[in-house]
1. Could you grab me the full set of residues in region 71-128 that are under 19 Å from Asp20 (Cα atoms) and among the basic types (Lys, Arg)?
2. Looking for whichever is touching a Leu at 6+ places or on another chain (Cβ under 7 Å) and more than 21 Å from Leu102 (Cβ to Cβ) here; the options are Ile79, Ile70, Ile60. Which one fits?
3. Is it true that some residue in region 67-83 is closer than 12 Å to Ile29 by Cβ, among the hydrophobic types (A, V, I, L, M, F, W, C) and surrounded by 13 or more Cβ atoms within 10 Å (Cβ to Cβ)?
4. Hey, can you tell me all the residues within region 8-18 that are at pLDDT 85 or above and assigned to a loop (DSSP other than H, G, I, E, B)?
5. Which residues, counting only those in region 72-97, are touching a residue at least 12 places away in the same chain (Cβ under 8 Å) and among the hydrophobic types (A, V, I, L, M, F, W, C)?
6. Within the bounds of region 45-63, is there any residue that is open to solvent by less than 60 Å² (accessible area, probe 1.4 Å), touching a residue at least 60 places away in the same chain (Cβ under 8 Å) and among the polar types (S, T, N, Q)?
7. Is it fair to say Ile5 is at pLDDT 90 or above, open to solvent by 70 Å² or more (accessible area, probe 1.4 Å) and not aromatic (Phe, Trp, Tyr)?
8. Please verify whether Ile119 is in contact with a Ser or Thr (Cβ under 7 Å, 6 or more places away or on another chain) and either open to solvent by 80 Å² or more (accessible area, probe 1.4 Å) or of a type in the set (A, V, I, L, M, F, W, C) (or both), treating the condition exactly as stated.
Amino acid sequence: MIINIDCLNEIIIVLFGALDKFIIALIVIMIVDFITILFRTYYSKNILRFDNDNIKKRLIKKLYILMLVILAHELDTIIGEDMNIRNISICFFIGTEGMNILNNAIAINISLPNILRRILQNIKNKSK
C-alpha cells in the first residue's frame, strides 16, 4: 500500500487544522513524555509497571489528547471567530505533558532549572 504524502497532509489539516508549530510541539513533547515514562519505569526497576497493558493505557491517553485537539479544532471551525480554542487547548496539553516530563526527571533524581517549571506552569495556567 502506497501512502500519498499530499493526501496524508490533507487529512492532518482537516483533522488538526494547520500543521503548525503548536501541533508539532505537542506531538514532539508527547513522544518525549512517553520515552521519559519508560526511563522512569526502568530506573525504578518497577517491572510491574513496564507491562504491555500499562504501555497501551499510556498510548491511549496520548491518542485521546489528540482527539481532544481535533474537537477543539472543530469548535474553532464551527464558531468561526478567532477564538483559538485549538491553540489554547494545545498549550494546555503542552504544559501538562511538559510537567509530566519534569516529574519523571525528578523521580530519577535529575536536577531541574526552575525556569522550566515556571514556564510550563505559566503555559498550563494561562490555558485554563
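The values are calculated or read from the model by the stated rules, or taken from the named source; none is laboratory data. All of these numbers come straight from a predicted model, not from anything done at the bench. Here the Cβ positions follow ideal geometry from the backbone for every residue, glycine too, while neighbour counts run over all protein chains shown. Surface accessibility is based on the protein's heavy atoms, side chains included, excluding ligands, DNA and RNA. Shrake-Rupley method; radii C 1.70, N 1.55, O 1.52, S 1.80 Å.
1. Of everything in region 71-128, just one residue is under 19 Å from Asp20 (Cα atoms) and among the basic types (Lys, Arg), namely Arg86.
2. Ile70
3. No, region 67-83 contains no residue that is closer than 12 Å to Ile29 by Cβ, among the hydrophobic types (A, V, I, L, M, F, W, C) and surrounded by 13 or more Cβ atoms within 10 Å (Cβ to Cβ).
4. Once the filter is applied, which keeps residues that are at pLDDT 85 or above and assigned to a loop (DSSP other than H, G, I, E, B), region 8-18 yields only Gly17.
5. Of everything in region 72-97, those that are touching a residue at least 12 places away in the same chain (Cβ under 8 Å) and among the hydrophobic types (A, V, I, L, M, F, W, C) turn out to be Ala72, Ile85, Ile88, Ile90, Cys91, Phe92, Phe93, Ile94.
6. No, every residue in region 45-63 fails to be open to solvent by less than 60 Å² (accessible area, probe 1.4 Å), touching a residue at least 60 places away in the same chain (Cβ under 8 Å) and among the polar types (S, T, N, Q).
7. So Ile5 does not fit the description; no.
8. no
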